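Reading through the structure tokens given below for one structure.
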Amino acid sequence: MRTLIALILMLFAAPVLAQSALPPAPYADRQLDDPRLEAKARDLMMTIRCLTCQSQSIADSNASMAGDMRSQIRERIAAGEDPEAIRSWLIERYGDWVSYEPTASPILWPLWAAPVILLALGFWLMRGRIRRRKASS
Amino acid sequence: MSRWAIWLPLGLFLAFFALFASGLLKPDDRVIASKMVGKPIPAFTLPAAASDRPALSSADLATGKPRLLNIFASWCVPCAAEAPQLMALKQAGAEIDAVAIRDARADVDQFLGRWGNPYARIGLDARSSLQIAMGSSGVPETFVIDGKGTIVHQHIGDIRAEDVPTILEKLKEAGR
Amino acid sequence: MIAEAGLAALWLAAALAFLQLGLVWFGLTTDKPELLASVRPVAVAQGVLTALSFALLVTLFLRSDMSVALVATNSHSAKPWLYKFAGTWGNHEGSMLLWVMVMGIAGMAVALFERALRRDTHMATLGAQAMISLGFYAFLLFSSNPFARVNPAPPDGQGLNPLLQDPGLAFHPPTLYLGYVGLSVAFSFAVGALLTRNVDAVFARAMRPWILAAWILLTLGITAGSYWAYYELGWGGWWFWDPVENASLMPWLAATALLHSVTVLATRDALRAWTIMLAVVAFSMSMVGTFLVRSGILTSVHAFAVDPERGTFILGLLALYIGGALALFGWRIGTVREGAQFELVSRETMLVVNNLLLSVILGLVLIGTLYPLMTEAFGHKVSVGPPYFDRIAGPVALALVIAMAAGPLTRWRKDQARAVAGRLLVPAIVLLLAFAVVSVLAWGRIGVLPFLGLVIAAGVAVGSVAPLWKRNLRRTPLFTYGMVIAHLGCAVSLAGMAADSAFTVEKLVAARPGGVIETAGWKVRFDAITPIAGDNWTALQGDMTASRGSGSPIDIHPQARFFTAPPTNTTEAALLTRWDGQLYVVLGQEADDGRWQVRIWWKPFVTLIWLGGMMIALGGTLSLLGRERRGWLQKLRRRSAVAAA
């Protein structure tokens with residue numbers, strides 16, 4: 001948040017002016033009637049990266065393309081599609097980039113291993129610090 | 001702390017430094033290329049976007065002859081800027097179809113009347129669904145489609161005069 | 001003339017920094033006390049000159065002097081004065097001048113008020129501070145001159161990004177900068193200590209207030225920034241794990257670890273090398289953050305003043321200062337002993353655990369933030385976002401919070417495991433009760449992390465105040481209160497985060513004026529849309545009233561604003577704060593049938609997040625005051641003893 005300054009030059013300043021005047025797609029800003037399906041759709045939308053503003057999920061974006069994506073996701077969830085299937089469908093088109101949730105592709109394995117490695121390194125650095133034998137009292 | 005652990009922070013910093021330097025040296029690359037290049041174009045049928053051009057479906061893009069598919073919108077400024085280049089491509093023999101994104105017929109008519117109409121067919125993609133299905137991330141973009149309906153090349157952003165030969169080259173390659 | 005005077009003051013300050021460095025260098029190497037005697041006045045003069053230079057830039061902004069390029073491109077004559085004022089640092093050059101001023105004033109403060117430090121270490125610290133300042137002076141003077149003129153002067157100026165036109169701009173960046181740059185003092189202390197081979201408990205006690213002060217401001221700055229993003233972005237989120245946000249979190253994590261390790265150093269004269277390392281890392285994180293933000297190598301929502309050329313300059317400074325300090329560390333630290341080993345059950349071991357977990361979180365945030373950059377070097381674009389950070393750093397943070405409750409209940413040097421368990425009994429019981437309550441209320445309906453967050457927050461809140469249990473509250477030192485309040489603040493903040501992600505109710509509707517929207521016990525009546533005009537914007541305002549239960553309706557006015565200079569649209573959310581949460585209403589676009597998009601969130605206890613942040617800062621302040629006051633009292637007592645003798 002260093003300088004929230006220019007909170008989103010990209011999100012608002014540029015795209016808003018270069019967006020179509022069409023009203024938003026039907027489910028861009030309308031929830032599904034079934035709260036369970038809506039929650040599913042929402043969880044997925046929170047983890048799909050917006051193509052236009054690039055630093056927000058489509059759930060938090062005013063860009064019209066993000067609105068269209070939200071609408072499409074809600075419609076497909078309502079039609080019974082599995083969220084992870086929609087995610088893979090999008091990854092097929094835009095690559096791993098589009099998913100804020102890192103995928104299981106091999107280039108991301110070190111990222112998932114990071115906590116274990118860091119903890120191990122930490123314990124290794126710490127090992128000499130703590131007296132191991134029980135105090136003999 | 002053992003001897004080498006003392007130098008570990010400096011080593012890590014040098015690694016980060018190299019990473020930062022490579023990030024700075026690399027040309028600014030914010031474009032997200034479509035992963036659909038090399039794959040067949042998704043099946044679709046779109047209604048006509050303009051009054052004097054027919055509608056567009058995926059079948060129209062697999063006619064045995066390579067074509068360009070231009071993704072544009074009447075509300076998009078760079079799309080107007082690339083109009084002369086599209087005209088030049090058409091003059092050079094390229095056949096160009098188009099998809100208008102989130103658009104209205106009256107606006108498209110007005111846009112084409114003002115900036116010229118190089119297109120054979122124009123489909124209207126009111127909800128960006130074809131755009132998303134093709135892995136396109138904005139307007140304008142231009143795809144080269146071969147005669148069998150496979151996407152062979154994607155040009156992101158407006159076409160500049162210097163891009164025209166490349167696109168013609170890709171079109172020729174697709175025809176072989 | 002004002003601009004020229006400002007520039008002259010800046011050049012003069014830079015020359016003084018150079019002089020300060022030279023005086024320290026020759027004074028220490030040739031052992032000439034008369035050289036060292038003039039270091040402090042020079043540091044003070046340097047601080048005054050940077051402040052003067054900054055004040056002159058503020059004057060230029062307030063007078064809308066469009067002949068200055070920076071004012072012309074970032075301000076507008078039609079702006080309200082507050083934004084002319086705050087606009088001074090709403091741009092690259094102005095914010096760097098703010099940075100340099102804070103650095104100068106910090107150096108001045110160290111010269112004036114630092115008394116506990118050994119003299120040669122004090123001087124070496126001032127030399128190091130001058131050395132760091134020099135790089136940033138060079139950056140300003142050679143590549144980012146804020147006082148450059150433009151000819152001919154434009155009549156109006158281009159205006160400030162409307163998203164910045166908010167009272168938040170007046171508070172958040174200066175506070176954050178004070179914190180960021182304040183950490184440079186800790187860095188200089190570390191360098192000074194390494195140069196003079198003086199790392200001990202006395203040194204730690206001298207360094208602690210400076211760390212504490214920077215940390216308090218950093219905490220406030222992050223808290224304010226989070227709230228600002230929350231209400232300005234209009235989507236109800238308060239933390240996005242965006243690279244720029246992470247850039248502000250990393251120095252905070254390092255400074256928090258440092259704050260705790262310096263306490264071990266001050267009390268047990270141990271963890272010497274580690275504390276020095278953290279002091280170097282903390283300010284390094286500030287500089288890395290600045291680099292990430294300004295160079296534009298990572299995509300961010302808060303991207304600000306992006307320019308690869310400036311990035312190159314800052315990268316050079318990183319190499320010089322961080323690389324230099326780490327090399328010095330490697331060279332000198334071999335002679336510094338780490339001190340005695342710790343017993344397994346002791347306060348110092350708990351603090352080591354605290355440092356371990358904080359460092360792991362810091363490492364995870366750093367790796368996660370930079371990972372896209374690493375994979376891009378291999379031609380593979382990936383995104384690392386909230387799902388990763390929440391899932392990976394979240395559990396570590398929860399473990400940290402538990403350790404935070406247990407630490408203060410463990411004695412220094414050596415404690416009995418059974419005794420500690422006994423002191424943790426009540427918090428543990430509360431934790432189990434909270435587990436039962438939350439299970440009954442929301443089992444299976446909320447995520448695992450929010451669930452654990454709520455339960456742990458309850459237990460830890462009780463654990464945090466437990467150190468006051470059975471104590472004479474009037475004789476308890478102020479810094480103990482400070483610690484208790486800061487730890488309690490963590491629990492409060494955690495509760496807010498967990499409650500927000502577990503129980504937020506979202507309602508998106510297309511409403512026609514005259515309609516009523518019901519959600520989460522609230523009734524929002526949408527009366528009309530009225531156009532209104534502000535100073536340099538116009539807006540469509542939703543006139544709405546919100547009521548809950550039998551309560552009387554309250555007017556709320558979400559707006560969609562249109563700015564003319566530069567042309568931009570923003571949304572102004574309407575916030576209605578209640579003791580148990582916040583109602584967040586946003587007016588969206590108009591649909592084709594005359595209905596309006598309205599987004600409403602009911603966010604239970606969301607305000608606890610920032611309340612907790614302020615408590616943490618308050619706790620830090622009390623702690624600082626308590627320690628300082630103790631120092632003054634001792635000094636007074638000593639003096640009167642001398643007088644009596």
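If a residue must be outside any helix (DSSP H, G or I), within 10 Å of chain C (Cβ to nearest Cβ) and without any contact (Cβ under 8 Å) to a residue 24 or more places away in the chain, how many such residues does the range A:71-119 contain?
The number of residues fulfilling the criteria is 4.
Among the residues of the range B:146-171, how many are free of Cβ contacts under 8 Å to residues at least 40 places away in the same chain and either part of a helix (DSSP H, G or I) or among the basic types (Lys, Arg) (or both)?
Number satisfying all stated conditions: 5.
Residues to consider are C:Leu362, C:Leu318, C:Leu326; find the one that is more than 10 Å from chain B (Cβ to nearest Cβ), out of contact with any Ser or Thr (no Cβ under 7 Å at 6 or more places or on another chain) and of a type in the set (A, V, I, L, M).
Among C:Leu362, C:Leu318, C:Leu326, only C:Leu362 is more than 10 Å from chain B (Cβ to nearest Cβ), out of contact with any Ser or Thr (no Cβ under 7 Å at 6 or more places or on another chain) and of a type in the set (A, V, I, L, M).
Does at least one position in the range B:113-135 carry a residue that is of a type in the set (D, E, K, R), closer than 25 Å to A:Ser64 by Cβ and in a helix (DSSP H, G or I)?
Yes: the range B:113-135 contains one or more residues that are of a type in the set (D, E, K, R), closer than 25 Å to A:Ser64 by Cβ and in a helix (DSSP H, G or I).
Can you name every residue in the range B:15-38 that is surrounded by fewer than 15 Cβ atoms within 10 Å (Cβ to Cβ) and modelled with pLDDT of 90 or more?
Result: B:Ala15, B:Ala18, B:Gly38.
Examine the range C:334-348 for a residue that is within 26 Å of C:Ser248 (Cβ to Cβ) and β-branched (Val, Ile, Thr), and state whether such a residue exists.
Among the residues of the range C:334-348, not one is within 26 Å of C:Ser248 (Cβ to Cβ) and β-branched (Val, Ile, Thr), which makes the answer no.
Name the residues in the range C:122-163 that are assigned to a helix (DSSP H, G or I), more than 26 Å from the chain's Cα centre (by Cα), buried (at least 24 other Cβ atoms within 10 Å of the Cβ) and not small (Gly, Ala, Ser), would you?
C:His122, C:Met123
Within the range C:330-344, count every residue that is within 13 Å of C:Leu265 (Cβ to Cβ) and within 7 Å of chain A (Cβ to nearest Cβ).
Our first condition is that a residue be within 13 Å of C:Leu265 (Cβ to Cβ); within the range C:330-344, this holds for C:336-340, C:342.
Restricting the remaining residues to those that are within 7 Å of chain A (Cβ to nearest Cβ) gives C:342.
The total comes to 1.
Given (1) part of a helix (DSSP H, G or I); (2) in contact with a Leu (Cβ under 7 Å, 6 or more places away or on another chain); (3) more than 29 Å from C:Gly631 (Cβ to Cβ), identify the lone condition not met by C:Thr256.
(3)
Can you tell me how many residues in the range B:80-112 are in a strand (DSSP E or B) and in contact with a Gly (Cβ under 6 Å, 6 or more places away or on another chain)? Don't jump to the end; show me each part of the working.
Filtering the range B:80-112 for residues in a strand (DSSP E or B) gives B:96-101.
When the remaining residues are screened for being in contact with a Gly (Cβ under 6 Å, 6 or more places away or on another chain), the result is B:99.
Number satisfying all stated conditions: 1.
Residues checked against (1) farther than 29 Å from C:Arg268 by Cα; (2) in contact with a His (Cβ under 6 Å, 6 or more places away or on another chain); (3) modelled with pLDDT of 95 or more; (4) not in a helix (DSSP H, G or I):
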position: C:Ala399; (1), (2), (3), (4): no, no, yes, no
position: C:Ala406; (1), (2), (3), (4): no, no, no, no
position: C:Lys414; (1), (2), (3), (4): no, no, no, yes
position: C:Val420; (1), (2), (3), (4): no, no, no, no
position: C:Leu432; (1), (2), (3), (4): yes, no, yes, no
position: C:Ala457; (1), (2), (3), (4): yes, no, yes, no
position: C:Ala461; (1), (2), (3), (4): no, no, yes, no
position: C:Ala466; (1), (2), (3), (4): no, no, no, no
position: C:Arg471; (1), (2), (3), (4): no, no, no, yes
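So the check is Cβ under 7 Å with 6+ separation or different chains; which pairs have a first residue in the range C:259-287 that's within 14 Å of chain B (Cβ to nearest Cβ) and closer than 15 Å to C:Gly192 by Cβ and a second one that's of a type in the set (S, T, N, Q) and surrounded by 23 or more Cβ atoms within 10 Å (Cβ to Cβ)?
C:Thr275/C:Ser261; C:Phe283/C:Ser184
Can you name the condition, by its number, that C:Arg119 falls short on among (1) basic (Lys, Arg); (2) under 27 Å from the mean Cα position of the chain (by Cα); (3) modelled with pLDDT of 90 or more?
(2)
From the set of residues in the range B:151-166 that are surrounded by 16 or more Cβ atoms within 10 Å (Cβ to Cβ) and among the charged types (D, E, K, R), which is nearest to B:Pro78 (Cα to Cα)?
Step by step, filter the range B:151-166, then rank; the result is B:Asp158.
From the list C:Val365, C:Val352, C:Val336, C:Val360, exactly one residue is more than 30 Å from C:Pro146 (Cα to Cα) and either free of Cβ contacts under 8 Å to residues at least 24 places away in the same chain or surrounded by fewer than 21 Cβ atoms within 10 Å (Cβ to Cβ) (or both). Which is it?
C:Val336
Applying the selection to the range B:96-130, what residues are surrounded by fewer than 17 Cβ atoms within 10 Å (Cβ to Cβ) and either small (Gly, Ala, Ser) or closer than 19 Å to B:Ile151 by Cα (or both)?
Answer for the range B:96-130, where residues must be surrounded by fewer than 17 Cβ atoms within 10 Å (Cβ to Cβ) and either small (Gly, Ala, Ser) or closer than 19 Å to B:Ile151 by Cα (or both): B:Ala106, B:Gly113, B:Gly116, B:Ala120.
Just give me the residues in the range C:496-524 being charged (D, E, K, R) and more than 10 Å from every other protein chain (Cβ to nearest Cβ), in sequence order.
Kept after step one, since they are charged (D, E, K, R), are these residues of the range C:496-524: C:500, C:506-507, C:512, C:518, C:523.
Those that are charged (D, E, K, R) and more than 10 Å from every other protein chain (Cβ to nearest Cβ): C:Asp500, C:Arg512, C:Glu518, C:Lys523.
The values are calculated or read from the model by the stated rules, or taken from the named source; none is laboratory data. Predicted model only: the values in this text are computed from it and were never measured. We place every Cβ from the backbone using ideal geometry, glycine too, and count neighbours over all the protein chains shown.
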